[in-house]
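All remarks here apply to the structure that follows.
Values in this text are rule-based calculations from the coordinates and carry no lab data. Here the structure is a predicted model, which is why all the values come from computation and not from measurement. Positions of Cβ are generated from backbone atoms using ideal geometry, with glycine treated the same way; all protein chains shown enter the neighbour counts.
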Amino acid sequence: MLSLPSEKKWQIYCSRKKDQDGETDLSHSPELYIERVQALSMLQFPVDSEEEVRSRTRQLDGLKTALRTQPHSFVLRFIELDGLPALLGFLSAMDYATAQSSIHTSLIGCVKALMNNSNGRAHVLAHPTGINTIAQSLSTENIKTKVAVLEILGAVCLVPGGHRKVLEAMLQYQKFASERTRFQGIVNDLDRSTGIYRDEVNLKTAIMSFVNAVLNYGPGQENLDFRLHLRYEFLMLGIQPIIDKLRGHENETLNRHLDFFEMVRNEDEKELARKFEKEHVDTKSASSMFDLLRRKLSHTAAYPHLLSLLQHCILLPLDYGSHPQHWLLFDRITQQIILQSENGENPDLSPLNINVKELVHLLAKEEELVAARSKAEELEKENVEIATKLAKKEQELDLRTQEKEDMETNLTRVKERLEKETAANLETKQRISELEYRASELDRQVNCERGERHRLERLVSSGSLPDDAKAVGLRAGVAELACVDLNRSSEFSNGPVPPPPPPMSHAPPLPPPAPGCCPPPPPQAPPSVPVSAPNRPEVPKKNVPQPSNPLKSFNWSKLPDAKVTGTIWSELDDTKLYTAMELENIDKLFCAYQKNGVANDGSIEDLRQIGKHRTKILSVIDGRRAQNCTILLSKLKMSDEDISKAILSMDSKDQLPIDMVEQLLKFTPSVEEAALLEEHSEEIDSLARADRFLYEISKIPHYEQRLRSLHYKKRFSVWIGEVQPRIKSVMEASREVARSRRLRRLLEFVLALGNYMNRGARGNASGFRLTSLNRLADTKSSAAKGTTLLHYLVEILEKKFKDTLKLEEDIPHVREAAKVNMGELEKDMGVLRNGLKEVEREIEFHRSQPVALGDRFLPVMKEFLSSATCRFSELEDLFQDMKTRFDRAVRLFGEDNSTIQPDDFYGIFDAFLTAFNEARQDNENMRRRREEEEKRAAQEAELKKRTMERKNSRDGILAKVGNNLKNGLTNGLSAGGGGVGFGSGRHENSGDAKGEFDDLISALRTGDVFGEDMAKFKRSRKSRITSNGNSPPRMNSLNREDSRERVLNNRREQ
């Protein structure tokens, strides 16, 4: 405790005193503090309650004190629970009134206290928007908040890697505050001297210390051009007159920063003047700088380019108003040319992505590069043209092949249809001839019977027969005549005719049947001769490399060699792929012995009417059925007569929705119901609504069949629209899998992989079952956890056959085809086919019936049958083509076409594509994790290296420093109470690590970080200006590092 600095002792005392007074409770956990910060960030500023403002400030002060005084584990826990994002979120979300209050100051203090810990500082610097969010607090009018923010930003400039983050933050603040340049607001605050800014020396001191830190640390330690570049930016904003005015404050600390700014400026200008062999360069005068450049470049190869640059600048339009865009572009390009290092890094944020070294190199060899580029472009163009032509030819070949297959299919279909039509025509002619013969035979029979009747009548009239024989004879003659007439009518109405009565003795014999009506019997097939089965050809053994050690087996289903012929497997050669398969990785990854690790509108009223007149209304049908029928009729909102007319007209006006037609089918009157309703036909008005409806529709002939035909007519287009896409998806998928070159390449690679990994009877395969594709993920690596054979396959394809990864583009219809069930599809086709037959039978029935008034069944359904038959014929042809193509695709891959269905066959590809994409994503995730781990390891190694270098450098410097200089520095720092240190190697010691940032800010505030002796900042004269105009490295950077280390060590000794 006694060895702590005075400022640290005062902080501990204040925190303990607040605990005793009940204002702060340090026993709270980090979770509670984070909840408080998040709760405060959601609250609006209490305009009328100062006590509430003080209460919120005290809560934040409690967190600040806890972050400074609690053990190192408290800070780590606070960081792990996302305490930093909570603080930054509060900073970015606070309203204007809160930003001007003491709440803002205390919140910045919490961030500052967190950065006082080495881990907290590292997390703030590593946060992508942490420094940007802190810099946005410069927009407040609260002086204390501004000072705290400037001190944080200035100290971050001194931390390795922090200088660039500060420049990024200031550029972000320029956009946030809508300023012209990034340092405009800071220079304006430095110049303000009215209101609360009158005699505000602390703010001006903080601004000047920040300016000096930005100019002299980071790349500015070594690079003269970078210091001049940033200083020119401040000078253009008018900082020099402001510095002259600040001298009137006569403040020792402020003057110290002002002196340092001017001294370093003078030294840099002298060094710049030596470049041109002059004592001074007037950078305020454009003419003097032009004369200097003209004299320097005269009689050199660069002078014509200078003249060309000036000539083209004169050609620029001069009226730009307030936005000189072209000149700004020249300025940015020139800045980047000056500042960019040899390795292409830009110390300042570059708005233009220009590699100066590369451009200079290109300009130096412009002709050679232009020729090489033109040649490369020609070759590339030729290559693209050849590839384009090849792709076009392949596309044309596929198109021609598809057209050929379609034409062959259409030709076969036309032949089959022609044969069917020819057979039907012959059968019709035969039936016509038979009917004509039977008609003539019936005419003869009628004439014969009429002659017999006349004879009997004459006998009766002459009295030759008794009366009873007369009556019997007359009745028999009339019956026979009626029978003949009935047979004749049925012959022409229904087609088939019953056999005629036996002919009389005088009747002529029957003629022979028409020639050609019956085909001759087929010739007998010759007796089959048994043929001995041919011997199975010997399969040549493939040249598969031997693995270095036994491997795990790939659980595939080997295709029998007898089934390979005529399939895709006979075209594949897997032996040529072993040179590109990285077999040593397979041996390592898959070693066999390595250990792993509805509302019823209107129905209620009808039901009420039924209940109201229950005693007067009769009903002969089932009560529940009558109730449901009444509800349906109330939804239709049509009278019984209108419904009957709509059904008779086959709904020509589209009054009946399809769902209502389906419901009407449920209320077809049965035979018993029709008989009961007919018995009560005289009292129809007293029947219930449902009974009246059923009575009305029972008078429609063939009501149920008519309604079924109407329902089929309405549903036909819907069924076609559902079935046709499924058929087309299977057709397209069959074509795609048969012609995909990427699929063939993939199967070839898997075949080679399986033959390499499998030995004995499972190896030397010519093909495999497609289901084996989905077993690739079952073979797991014995060396890399989470890696399977499928992951390895994807990795190799990404390296060597990247185009194969676009497999899904070749077979886009596979996923839809995998959803098609052939049984359901055939069932749907059967429904459509049977429906058409039923409509056709109903049309034939209505042709033989008298047409009732308003009955439009025949014209409507004839027209529908004509169009529907055509559409169904096309669909059936498409269905047959689909089956043919599917069978061909199945046989192409050596699968059994008698058992496998489209959902099974294409489901294999669907599942494989899904697993394939997941494996690609897994590989990508593993690659990212591996890169992050490598990056993190490199950062840790670099951090350790810097720590050791800094430690060695500090030890060497301390050995050289004399006791007098050390005593002088100790006396000079006694008033500052702070020191500097970056000990990233002291993360384990929480006491030392938690005071570094405060010491750094304290030394920056007093100016001790820049050194006591101003002579240490003079530039070394040993390294002069080189011939190419590059500035020599600053030699005082080591002294400045000495100063930081001495400040830290002297503070620790105190």
(message) Which one, 912, 765, 868, projects farthest toward the positive side of the charge dipole computed for segment 720-917 from Cβ point charges (K/R +1, D/E -1)?
(response) 765
(request) Mind checking the full-extension length gain between residue 127 and residue 389? Use 0.36 nm per residue of separation minus the Cα-Cα distance, one decimal, nm. (result) 89.1 nm
(request) Count neighbours as other Cβ atoms within 10 Å of each site's Cβ, and list the trypsin sites (Lys or Arg not before Pro) in segment 841-912 that are DSSP loop with at most 15 such neighbours. (result) 856
(message) Strictly over 19 Å apart at the Cα level, which of 837/862; 165/204; 714/837 would you flag in this model?
(response) 165/204
(message) How far apart, in nanometres, would the label points at residue 803 and residue 42 be if each is projected 7 angstrom from Cα along the Cα-to-Cβ direction?
(response) 5.8 nm
(message) Just to verify a number: FRET efficiency for residue 841 and residue 891, C-beta to C-beta distance, R0 = 60 Å, to 0.05?
(response) 0.90
(request) Treating each Cα of segment 668-784 as an identical point scatterer and ignoring solvent, apply the Debye formula and state log10 I(q)/I(0) at q = 0.12, 0.22, 0.23 Å⁻¹. (result) -0.70, -1.19, -1.24
(request) Go ahead and run the numbers for FRET between residue 288 and residue 373, Cβ-Cβ distance against an R0 of 35 Å, rounding to 0.05. (result) 0.25
(message) If I model a spin label as a point 7 Å beyond the Cα along the Cα-Cβ vector, how far apart are those points for residue 853 and residue 421 in nm?
(response) 4.4 nm
(message) Could you tell me the calculated FRET efficiency between residue 411 and residue 582, based on Cβ-Cβ distance and R0 = 51 angstrom, to the nearest 0.05?
(response) 0.50
(request) Per residue of segment 381-398, in order, report the coupling 6.51 cos²θ - 1.76 cosθ + 1.60 (Karplus, θ = phi - 60°) as ³J(HN,Hα) in whole Hz, putting x for Gly and Pro. (result) 5, 5, 5, 5, 4, 4, 4, 5, 5, 4, 5, 5, 5, 5, 5, 5, 4, 4
(request) Return the long-range amide H neighbours of residue 763 (sequence gap of 5 or more, or a different chain), with a cut-off of under 5 Å between placed amide H atoms. (result) none
(message) With θ taken as phi - 60° and the coefficients 6.51, -1.76 and 1.60, list the Karplus ³J(HN,Hα) couplings across segment 684-692 in order, rounded to whole Hz; mark glycine and proline as x.
(response) 5, 5, 8, 7, 5, 4, 5, 5, 4
(message) Checking the a/c ratio against 1.5 first, then a/b against b/c, what shape does the Cα gyration tensor give for segment 58-213?
(response) prolate
(message) List the residues, sorted by chain then number, that are 5 or more residues from residue 551 or on another chain and whose placed amide H is less than 5 Å from its amide H.
(response) 592
